[in-house]
Amino acid sequence: MNTFPKHRSHTLQTGRHSIPGTYYHIIVVTHQRQRVLANDPVASIIFQTFDWLETESRLKWTAIMVMPDHVHAVFMLGEQQTLSKVLHSLKRYTAREINKHLSRRGALWQKGYTDWGIRAESRFNDTVRYCYTNPVRAGLVEKASDYPYWRCKYQMESSEGPAQLRRFGSSES
């Protein structure tokens with residue numbers, strides 16, 4: 001299966017039409033940009049939810065970045081799945097669990113989400129690097145490797161210059 005479609009779906013963002021087996025970069029944002037996500041227990045809830053979605057074959061995640069008020073994720077949409085249903089499950093479950101943990105009520109997430117279909121391998125690499133360096137651009141850390149709320153199935157190497165992707169266990173650079 002070709003996971004990097006050559007043709008852009010012009011209805012993806014407006015109509016949220018999804019293509020199973022395609023990589024997506026999504027961003028979900030907290031309600032009113034509340035800065036409640038970047039702590040160990042809350043980030044763990046988010047990471048565990050992505051793990052569960054993967055176990056259920058709803059997606060295969062590559063990278064997850066939990067920022068104080070939003071989450072970036074890069075993943076392949078599972079077969080017979082839609083982006084809207086997967087993200088609805090993610091947001092509903094994490095909202096319930098995070099609100100319980102924080103002893104709060106009300107909306108955790110803004111309505112909707114931002115999504116991009118990743119149509120080329122070069123864009124995939126650029127997108128994962130963009131997510132990885134987000135805490136640096138936000139002024140949270142000086143080096144991306146110092147930010148604790150990041151998970152990726154690739155190693156990020158950054159010896160002099162931009163971070164490079166390297167699959168775990170690979171000897172390639």
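Structure data summary
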quantity	calculated
Condition met for Ile64 (touching a Lys or Arg at 6+ places or on another chain (Cβ under 9 Å), modelled with pLDDT of 95 or more and not in a strand (DSSP E or B))	no
Verdict on Ala43 being part of a loop (DSSP other than H, G, I, E, B), closer than 23 Å to Thr133 by Cβ and touching a Pro at 6+ places or on another chain (Cβ under 9 Å)	no
Test result for Val136, of a type in the set (Val, Ile, Thr) and not in a helix (DSSP H, G or I)	no
Subset of region 140-173 (residues that are loosely packed, with under 14 Cβ neighbours inside 10 Å, modelled with pLDDT under 60 and either part of a strand (DSSP E or B) or on the phi > 0 side of the Ramachandran plot (or both))	Glu160, Gly161, Arg167, Gly169
Per-region count, region 70-81, residues within 13 Å of the chain's Cα centre (by Cα) and either of a type outside the set (A, V, I, L, M) or assigned to a loop (DSSP other than H, G, I, E, B) (or both)	3
Qualifying positions in region 97-136 - within 19 Å of Asp40 (Cβ to Cβ) and not β-branched (Val, Ile, Thr)	Glu97, Asn99, Lys100, His101, Leu102, Ser103, Arg104, Leu108, Asn134, Pro135
Region 61-81 - residue that is among the small types (Gly, Ala, Ser) and more than 16 Å from Val29 (Cβ to Cβ) and, of those, surrounded by the fewest Cβ atoms within 10 Å (Cβ to Cβ)	Gly78
Members of region 45-69 found to be without any contact (Cβ under 8 Å) to a residue 60 or more places away in the chain and farther than 18 Å from Ser89 by Cβ, listed by number	Asp69
Filtered residue count, region 32-80, keeping only those that are farther than 28 Å from Leu140 by Cα and among the polar types (S, T, N, Q)	3
Looking only at region 82-129, and only at residues there that are assigned to a helix (DSSP H, G or I), in contact with a helix residue (DSSP H, G or I) (Cβ under 7 Å, 6 or more places away or on another chain) and in contact (Cβ under 8 Å) with a residue 40 or more places away in the chain, the one that is surrounded by the most Cβ atoms within 10 Å (Cβ to Cβ)	Leu90
Those residues of region 27-60 which are surrounded by fewer than 19 Cβ atoms within 10 Å (Cβ to Cβ), under 12 Å from the mean Cα position of the chain (by Cα) and of a type in the set (A, V, I, L, M, F, W, C), in sequence order	Ile27, Val29, Phe47
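The values are calculated or read from the model by the stated rules, or taken from the named source; none is laboratory data. This structure is a prediction, so every number in the text was calculated from the model and none was measured. Backbone-built Cβ (ideal geometry, glycine too); neighbour counts: all protein chains shown.
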